[in-house]
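The values are calculated or read from the model by the stated rules, or taken from the named source; none is laboratory data. Owing to the predicted nature of the structure, the values given are computational and were not obtained by experimental measurement. Cβ atoms come from the backbone with ideal geometry, glycine included; neighbour counts cover every protein chain shown. Each accessible area value is taken on the protein alone, full model and side chains, heavy atoms only, with ligands, DNA and RNA left out. Shrake-Rupley method; radii C 1.70, N 1.55, O 1.52, S 1.80 Å.
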Amino acid sequence: MVSRMYQPANLREGGQESELTCRSQRLMQQAGLIHPSSPGCYYYLPATVRAMEKLVRLIDQEMQAIGGQKLDMPSLCSAELWRTSERWDLMGKELFRLQDRHGADYCLGPTHEETVTTLVAHQASLSYRQLPLLLYQVTRKFRDEPKPRFGLLRGREFYMKDMYSFDVSEEAARRTYESVCHAYDMLFSRLGLRCVQVQADTGNIGGTLSHEFQLPADIGEDRLLVCGSCPFSANVETLPSGKTDCPRCHTGTLAESKGIEVGHTFYLGTKYSRIFNATFSNHQNQAVVSEMGCYGLGVTRILAAAVEVMSTEEAIRWPGLLSPYQVCIILPKKGSKVAEESGASAEGLVHALQESLPRLRGEVVLDDRNQMTIGKRLKDANRLGYPYVVVVGQGALEETPRFEVICQQTDETMFLSKDGLVDLL
Ligand code: ATP
Ligand code: MG
Ligand code: MG
Ligand code: MG
């Protein structure tokens, strides 16, 4: 029931306009999908949590399809581990640091290479037969970003999927790397997001091979160079400055564009496994240091980036698979003739949708705000981006009741019977 949904639009007085830095943030705040707390921290309100759970389910499918096993690691990370890898100092101000009651130093995990490698190092009996080992989690990450902005696109507390791989050799690790990149491609294509995979800098994570998955967008903070003649593309950070000819084909010119970094893959080699002594036993029962990779996806950033590129200035559009609800049924206005006489056909419609289409269970909302005009509620439904909107109007009183169905992705309007609607969905 729409009347009971907790979706507090927080711009009623229009007061916070100046803090709204991009389209997705504005639309999501205005629609009551997110609410600002402190800089770079948000309340994720119920509709957003639904979309995020759907995204996490898709990520789980793709990660598990390549052998990923899900776990959940502590966010409170001991400074000892970070001192061992020398990142306690390297991370500088980006790391949220704190102390416990005994004065021991901790940080709130911005990423988990140290934590996961320590875990795997603890297993003395890890055999080559158990590799590749792919462990991943979807958890909150904490980074004291110098400029938190653009809503969920750059938060200080955000959700990331981070996966870590352990392999027997460089060759095997590179195969794992390829399979994760392929899984990312699958995920983005299921979401209908045209991401480009670009060569990237390895930054303070380290390693020798790295790619970013970039979603082209004007507000993107990354500058990309894409060759006009071959598939080469790279983040500007990696290339010598001022370069305009393609380093791969040498004939094409590089054109600059902007992107939002939604994913990042790294081949790490033995950088962390050597430090933390994460080994496995080989055929000859000798301890060998594992070859590692790490692979991030910005879960909350993907949600906001999708809204950013798919929406119009006024109306939210989601990737179909992420829309918080699939169908919104607008019930007639109170006191109208239709309201009095259409009760049975409206109920029959809801029943038919839930019964014939099990995947729509829990996905249909009734806009029961029957004191509001249909027009006003249609406008709301358009703004919130339900893929399908069904209006119970005059047609519901016909012998075979018919309903107005608006497909929001294509902007088509149809008049369908109950069965027709079930077929469409
Ligand atoms: P950026 O260049 O945007 O600061 P990053 O390179 O520091 O990102 P990684 O360490 O590669 O980020 O983390 C993996 C993924 O986590 C990124 O590809 C991005 O999708 C997401 N991510 C990183 N920082 C943030 C943030 N502040 N808010 C939301 N998502 C983020
Ligand atoms: Mg960063
Ligand atoms: Mg980056
Ligand atoms: Mg990155």
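Note on region 331-373: residues that are open to solvent by 40 Å² or more (accessible area, probe 1.4 Å) and hydroxyl-bearing (Ser, Thr, Tyr) total 2. Elements of the type strands (runs of 3 or more DSSP E) sitting completely within region 333-425 and holding at least 2 residues that are hydroxyl-bearing (Ser, Thr, Tyr): these cover 412-417.
Selection of region 245-280 for residues being within 27 Å of Leu187 (Cα to Cα), touching a Ser or Thr at 6+ places or on another chain (Cβ under 8 Å) and away from ligand 1 (no atom under 14 Å from the Cβ) yields only Gly269. Just a yes or no: is a residue in region 30-37 farther than 21 Å from Arg140 by Cβ, among the β-branched types (Val, Ile, Thr) and in contact with a helix residue (DSSP H, G or I) (Cβ under 8 Å, 6 or more places away or on another chain)? So far as region 30-37 goes, no, none of its residues is farther than 21 Å from Arg140 by Cβ, among the β-branched types (Val, Ile, Thr) and in contact with a helix residue (DSSP H, G or I) (Cβ under 8 Å, 6 or more places away or on another chain). Scanning region 219-236 for residues that are under 24 Å from Ala306 (Cα atoms) and not in a loop (DSSP other than H, G, I, E, B) yields Asp222, Arg223, Leu224, Leu225, Val226, Ser233, Ala234, Asn235, Val236. Remark: pairs (first residue in region 23-51, of a type in the set (Gly, Ala, Ser); second residue surrounded by fewer than 18 Cβ atoms within 10 Å (Cβ to Cβ) and assigned to a helix (DSSP H, G or I); Cβ separation under 8 Å; 6+ apart in sequence or on different chains) = Ala31/Arg383. The set of residues in region 302-327 that are closer than 22 Å to Gly68 by Cα and open to solvent by 10 Å² or more (accessible area, probe 1.4 Å) contains only Leu321. Applying the selection to region 374-414, what residues are surrounded by 17 or more Cβ atoms within 10 Å (Cβ to Cβ) and β-branched (Val, Ile, Thr)? Answer for region 374-414, where residues must be surrounded by 17 or more Cβ atoms within 10 Å (Cβ to Cβ) and β-branched (Val, Ile, Thr): Ile374, Val389, Val390, Val391, Val392, Val405, Ile406. Filtering Ala79, Ala121, Ala51, Ala65 for residues that are open to solvent by 70 Å² or more (accessible area, probe 1.4 Å), in contact with a helix residue (DSSP H, G or I) (Cβ under 7 Å, 6 or more places away or on another chain) and of a type outside the set (D, E, K, R) leaves a single hit, Ala65. I'd like the full set of residues that are open to solvent by 10 Å² or more (accessible area, probe 1.4 Å), touching a residue at least 60 places away in the same chain (Cβ under 8 Å) and either more than 29 Å from the chain's Cα centre (by Cα) or within 14 Å of ligand 4 (Cβ to nearest atom) (or both), limited to region 281-301. Matches in region 281-301: Ser281, Asn282, His283, Val288, Gly296, Gly298, Arg301.
Is there a residue being within 26 Å of Lys258 (Cβ to Cβ), within 16 Å of ligand 2 (Cβ to nearest atom), of a type in the set (Val, Ile, Thr) and open to solvent by 20 Å² or more (accessible area, probe 1.4 Å) anywhere in region 192-203? Checking region 192-203: at least one residue is within 26 Å of Lys258 (Cβ to Cβ), within 16 Å of ligand 2 (Cβ to nearest atom), of a type in the set (Val, Ile, Thr) and open to solvent by 20 Å² or more (accessible area, probe 1.4 Å).
Candidates in region 204-228 are the residues that are within 14 Å of ligand 4 (Cβ to nearest atom) and hydrophobic (A, V, I, L, M, F, W, C); of these, the one that is farthest from Glu256 (Cα to Cα) is Ile205.
Suppose the filter is within 28 Å of the chain's Cα centre (by Cα), touching a residue at least 24 places away in the same chain (Cβ under 8 Å) and within 16 Å of ligand 1 (Cβ to nearest atom); does Glu314 pass it?
no
Please verify whether region 170-181 includes one or more residues that are crowded, with 18+ Cβ neighbours inside 10 Å and within 16 Å of ligand 3 (Cβ to nearest atom). So far as region 170-181 goes, no, none of its residues is crowded, with 18+ Cβ neighbours inside 10 Å and within 16 Å of ligand 3 (Cβ to nearest atom). Filtering region 370-402 to residues that are more than 12 Å from Ala339 (Cα to Cα) and in contact with a Ser or Thr (Cβ under 8 Å, 6 or more places away or on another chain) leaves Gly385, Tyr386, Pro387, Thr400, Pro401, Arg402. Which residues, counting only those in region 97-148, are within 16 Å of ligand 3 (Cβ to nearest atom) and basic (Lys, Arg)? If the condition is that a residue be within 16 Å of ligand 3 (Cβ to nearest atom) and basic (Lys, Arg), then Lys141, Arg143, Lys147 are the ones that fit.
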